[in-house]
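Beneath this line is the structure, given in structure tokens, with notes to follow.
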Amino acid sequence: MSIQIINKTNYTLQRAVPTPSDLSPLPPSSVRIRTTLISLTTNNHSYAQLGGLGLPGLAYWDVWPFPATLPEPYNDAETYCRISAWGFAKVIDSNIVELPVGQELYGYWPIADRSEVLELERGGEGQWLEVSEGRGRLNGIYNRYFEVKGDGEAEGEGGEEGKGWDALMKTLFETGYLMDKFAFAAGEGRNAIHPSGNPHLPWTPADATLTNAVVILIGASGKTALSLAYLLQHRPPPARPAGIIAVGSTRSQSFVEKTGFYDRFFSYEDASSSTLDIASELSTEGKKVVLVTFDTRTGSVEKWAAAVQGKCERLQIVIVGAPGDGAGGLHMGLIGRAQDPTSGVVVSDAGGTRTGALAVLGEGKYFAGLDEAWERFKGDGALPGVRLVRQKGMVSLVREWDALVRGEHGPETGLLFELS
């Protein structure tokens, strides 16, 4: 058995380190789980990069403790860390009556084929909240676990293919769903929630509406961006934006265009073109432009904001996932501006928005709506052009992590790993 160990100063340096499971008696209200199926995306690289920056709710390095049996030098928590991935795990030991051995759960799991312990309290129906002290610094969206029903009525519906999509991107889809249904709620701001989830920040119907607006998604080939684009594309008029624009690398252009989720594609470099008339290229109707960045390239959103500024009546900038420059640096200028409610810059927080949505709708109605939208997305073919690739074992995962770092996997590949 082994766990993935990552160098804190360079996430490209990682390996699977053998260490046996701890099978000591469980603490009260706990289960022992073993990861069964997880996905690997560039999101996992972001967890490794951002986990040590001290950002609120993003303590990704602190989710899973170092085992006492971890050998040197990998037991040095000053140098190394562990992160997590989305997918499925099974209960292999339990002292919670409602969670028997064999119960499958969907959620945020260790990258390991070694067992780990969760301390749980009941959430909503079929849901559990991880409440151990070590999870207190993590955004609540990572601490909620969902029972998988044997009759296929929950995560995993649609057989192995559907379960693969769940592991790959259901939670990333939820981030897009929260933006579509709540941050930019249809109906002139009905149920609108500030993208940060902060109820004390102003978010008016004018802020929330996308009618006649142009939405530009920077980092358009990412799964969260594609999820939002899909949802916006399927809005009925007049709630649908006047234009849904992709900005991405030239390498991803063919893939992005084939999804059919966007109206137009631009490369990152197009914002600097002196011959590009942004206003006419985007829309003749758009009085409001919303720049949503999922990107990790420092300066990209700033360049596009400069290109659009002055060519629309209103510019909004939404930062998703605290983007960096590949070395952990953030768009600190933009994030600083987000502290001013009048700046037009906001930082999105999916966990905060979900909390607001749960307060508005209640858990049952919220998760029923999310599941309905997710199943519709899968029924529509999910991401056209993406091939799910299943592999087995930690050796394969470590190898593909390195390949992902080297850019050998484009957005057309969905990496899945069976670990037990």
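The values are calculated or read from the model by the stated rules, or taken from the named source; none is laboratory data. The structure displayed is predicted, hence computed values, not measured ones. When we count neighbours, we look across all protein chains shown, and the Cβ atoms used for this are built from the backbone with ideal geometry, even at glycine.
For VAL256, are the conditions met, namely being within 24 Å of LEU416 (Cβ to Cβ), of a type in the set (Val, Ile, Thr) and buried (at least 23 other Cβ atoms within 10 Å of the Cβ)? Lay out the reasoning, then the answer.
Details: within 24 Å of LEU416 (Cβ to Cβ): yes; of a type in the set (Val, Ile, Thr): yes; buried (at least 23 other Cβ atoms within 10 Å of the Cβ): yes.
Taking the combined requirement at face value, the residue satisfies it.
Just to be sure I understand, how many residues within the range 77-100 are assigned to a strand (DSSP E or B) and of a type in the set (Val, Ile, Thr)? Even if it seems obvious, please write down each step before you answer.
So the first thing to find is which residues in the range 77-100 are assigned to a strand (DSSP E or B), and the list is 80-81, 84-94.
Okay, now just the ones that are also of a type in the set (Val, Ile, Thr), so 91-92.
Number satisfying all stated conditions: 2.
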message: With the requirement that a residue be touching a residue at least 60 places away in the same chain (Cβ under 8 Å) and either touching a Cys at 6+ places or on another chain (Cβ under 9 Å) or part of a strand (DSSP E or B) (or both), what does the range 109-140 give you?
response: TRP109, PRO110, ALA112, GLU116, VAL117, LEU118, GLU119, LEU120, GLU121, GLN127, LEU138
message: As an exercise: evaluate GLY329 against (1) at pLDDT 70 or above; (2) assigned by TED's automatic domain parsing to the domain that holds ILE216 and give the number of the one condition it does not meet.
response: (1)
- prompt: Within the range 56-76, is there a residue that is part of a loop (DSSP other than H, G, I, E, B), among the acidic types (Asp, Glu) and either out of contact with any Pro (no Cβ under 8 Å at 6 or more places or on another chain) or in contact (Cβ under 8 Å) with a residue 12 or more places away in the chain (or both)?
  reply: yes
- prompt: Within the range 381-411, which residues are of a type in the set (D, E, K, R) and either touching an Asp or Glu at 6+ places or on another chain (Cβ under 7 Å) or loosely packed, with under 15 Cβ neighbours inside 10 Å (or both)?
  reply: ARG387, ARG390, LYS392, ARG399, ASP402, ARG406, GLU408
query: Do we have any residue at all in the range 380-390 that's in contact with a strand residue (DSSP E or B) (Cβ under 7 Å, 6 or more places away or on another chain), in a loop (DSSP other than H, G, I, E, B) and closer than 20 Å to ILE38 by Cα?
result: yes
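Consider the range 295-326. How many of its residues are in a loop (DSSP other than H, G, I, E, B), over 14 Å from VAL247 (Cβ atoms) and modelled with pLDDT of 70 or more? Show your work before the answer.
In the first step, residues of the range 295-326 are kept if they are in a loop (DSSP other than H, G, I, E, B); the result is 295-299, 309-313, 321-323, 325-326.
Narrowing further to those that are over 14 Å from VAL247 (Cβ atoms): 298, 309-313, 321-322, 325-326.
Pick out the ones that are also modelled with pLDDT of 70 or more and you get 309-313, 321.
Number satisfying all stated conditions: 6.
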query: In the range 21-57, what residues are in contact with a Ser or Thr (Cβ under 7 Å, 6 or more places away or on another chain) and either surrounded by fewer than 14 Cβ atoms within 10 Å (Cβ to Cβ) or at pLDDT 95 or above (or both)?
result: VAL31, ARG32, ILE33, ARG34, THR35, THR36
message: Step by step: first the residues of the range 264-274, then only those that are in contact with a Leu (Cβ under 9 Å, 6 or more places away or on another chain) and not in a helix (DSSP H, G or I), then the one that is surrounded by the most Cβ atoms within 10 Å (Cβ to Cβ). Which residue is that?
response: PHE266
message: Yes or no: the range 9-20 includes at least one residue that is surrounded by fewer than 18 Cβ atoms within 10 Å (Cβ to Cβ), touching a helix residue (DSSP H, G or I) at 6+ places or on another chain (Cβ under 7 Å) and either under 30 Å from GLU147 (Cβ atoms) or aromatic (Phe, Trp, Tyr) (or both).
response: no
statement: Note on ASN95: of the conditions (1) surrounded by 15 or more Cβ atoms within 10 Å (Cβ to Cβ); (2) closer than 25 Å to GLY123 by Cβ, unmet is (1)
